[in-house]
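A short write-up of the structure that comes next.
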Amino acid sequence: MTDKKPKIRICFTIHSLQSGGMERVVSELVSQFSKKENVELHVILYGRSRRVFYNIPENVTIHKPTWVFRDDLRLIFALRTLMWLRRTVGKIKPHTVLSMGEYWNSFVLLALKGTDVPVYISDRCQPDKQLGKPHEWLRKQLYPKAAGIIAQTQMAKDIYNKKFGHPNIRVIPNPIHEIKLEGTTTDKENIILTVGRLIDTKHHDRLIKIFDRVKRDDWKLVIVGGDAIKQNGKKKLKQLIEEKGLTDRVILTGTVSDVEAYYRKSKIFAFTSSSEGFPNVIGEAMSAGLPVIAYDCMAGPSEMIDHQINGILTNQFEDETFEQGLRHLMESDEIRNDFGEKARQKFQQFSASSISDKVFNFITDGSGS
């Protein structure tokens, strides 16, 4: 009788598990890791909101502070959270920690400074994004202390090499949730879909204006995403929709729990974001067999979309070119179906099981292969 292998304790740290790309990635990684033998999983949820939007397997332990974060005592409660995070990791005694979020990785590295726990980090933003002087100073001081850095793209790795000089940076794309197809292409509707929070950098307003200029009354534009209260995105977009007389043809769904249903019934995915690290929603659209037209923003889209093979890339803010490409897709079933099939084939490179194995290997033995 052989002895059982000791369990590998892995701890994820993240400030939120609400609806969002980074949160979706963590939920996918946790779900895939939970299927492995001899793995004990913990998620430390330390941000202000403790709500869990995504399904987390029952064999994963979620740790949350028991108090409500007070903004009027921001510094005191930030320090309290930092000490709580350090104590919680100390009780778990993980073999490895994976921290997510460019605004939060420094917080986790600071909380665990002086411990012997290896901390791996992953930023989720456009790699050259400037986070402000305090954050940039902290990153330069603390990122070199991380056990390793996960870069989502080769471009991100090159930038991080120059910025932080870290010897252990690995390019691992996001694990993409696969949209299981149901029915046939005849079940689809004339819908152009986009998915993303109603924030300025997604440029939903530009997409609405492009859609208006196409002048196809038999098509609808569906925008799936939660509002950003501080930016008043929903209010501004509703006003634009009313001004253009598009209330029957442009739909703002808000946050939805079953976004997969929209992928399945749509025919085109359009993406006008100008700031991305690695856009999960493009991968999800590709897995659903949708041709994607997107701005070729700095990082992400060009590593997923092969121009005029499985989708269309346009220069950022060249909206006339975007309009021409969108019209081209709307007018041809043959091109949409051809691009969509090739998009599904390309998606396999980003499947959740394959990518999760690379992350697991990197944070447990440093290989990432």
- [ ] Taking amide H positions as placed in the peptide plane 1.01 Å from N, state which residues far from S99 in sequence (5 or more) or on other chains have amide H under 5 Å from it.
- [x] T13, Y120, I121, S122
Open item on the list: Please state the shape class of the range 60-122: rounded when a/c is under 1.5, otherwise prolate if a/b exceeds b/c and oblate if not, all from the C-alpha gyration tensor.
Closed with: prolate
Task: Neighbour-count ranking [beta-carbon atoms within 10 angstrom, fewest first] of L138, L198, L109 - done: L138, L109, L198
TODO: Would you grab the residues whose amide H sits under 5 Å from the one on I8? Only those 5+ places off in sequence or on another chain, please, with H modelled 1.01 Å from N.
DONE: V39, E40
Task: Förster-model FRET efficiency, 22 Å R0, K162 and D365, C-beta, rounded to 0.05 - done: 0.25
Task: Degrees, to the nearest 10: 21-33 long Cα axis against longest axis of the chain - done: 60 degrees
Task: 222 nm mean residue ellipticity, helices alone, for the chain (DSSP H n ≥ 4; -39,500 (n - 2.57); rounded to 500) - done: -11500 deg cm²/dmol
- [ ] At 7 Å along the Cα-to-beta-carbon direction for both K145 and N55, put a label point, then send me their distance in nm to one decimal.
- [x] 3.9 nm
TODO: Take each of the peptides 120-126, 218-224, average the number of other beta-carbon atoms within 10 Å over its residues, and list them starting from the highest.
DONE: 120-126, 218-224
- [ ] Mind checking the full-extension length gain between Q308 and L82? Use 0.36 nm per residue of separation minus the Cα-Cα distance, one decimal, nm.
- [x] 76.5 nm
- [ ] Could you tell me the distance between the Cα centroids of the range 97-117 and the range 11-71, to the nearest Å?
- [x] 15 Å
Task: Net length gained if the chain between K91 and K129 were fully extended (0.36 nm per residue, minus Cα distance) - done: 10.2 nm
Task: Among [x] 33, 27, 21; [y] 37, 23, 20; [z] 33, 23, 19, the entry derived from the coordinates for semi-axes √(5λ) of the Cα gyration tensor in Å - done: [y]
Task: Around E102: net Lys/Arg minus Asp/Glu count, Cβ-Cβ under 10 Å - done: +2
- [ ] Report the net charge of residues surrounding E136, where surrounding means a beta-carbon distance below 15 angstrom and charges are Lys +1, Arg +1, Asp -1, Glu -1.
- [x] +3
- [ ] On a 0 to 90° scale, report how tilted helix 319-331 is relative to the longest principal axis of the chain, with both axes built from alpha carbons and the result rounded to the nearest 10.
- [x] 70 degrees
Task: Per-pair calculated FRET efficiency, R0 = 41 Å: K180 and N232 via Cβ, rounded to 0.05 - done: 0.70
Task: Exposure proxy order (Cβ contacts within 10 Å, fewest to most) of R249, R206, R74 - done: R74, R206, R249
Task: Likely footprinting exposure, E284, E334, E189, E40, fewest C-beta neighbours within 10 Å first - done: E334, E189, E40, E284
TODO: Specify the residue with the greatest mean-square fluctuation among N174, N59, N105, computed from a Gaussian network of the chain linking alpha-carbon atoms under 10 Å apart.
DONE: N59
Task: Per-pair calculated FRET efficiency, R0 = 56 Å: K215 and K7 via Cβ, rounded to 0.05 - done: 0.40
Task: Label-point separation in nm, V68 to D248, each point 7 Å along Cα→Cβ - done: 4.6 nm
- [ ] In a Gaussian network model over the chain where Cα atoms closer than 10 Å are linked, find which of G101, G114, G340 has the largest mean-square fluctuation.
- [x] G114
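Taken together, the values in this text are just the output of simple stated rules run on the coordinates, not laboratory data. These numbers were taken from a predicted model, which means no experiment stands behind them. Heads up, the Cβs are rebuilt from the backbone with ideal geometry, glycines too, and the neighbour counts pull from every protein chain shown.
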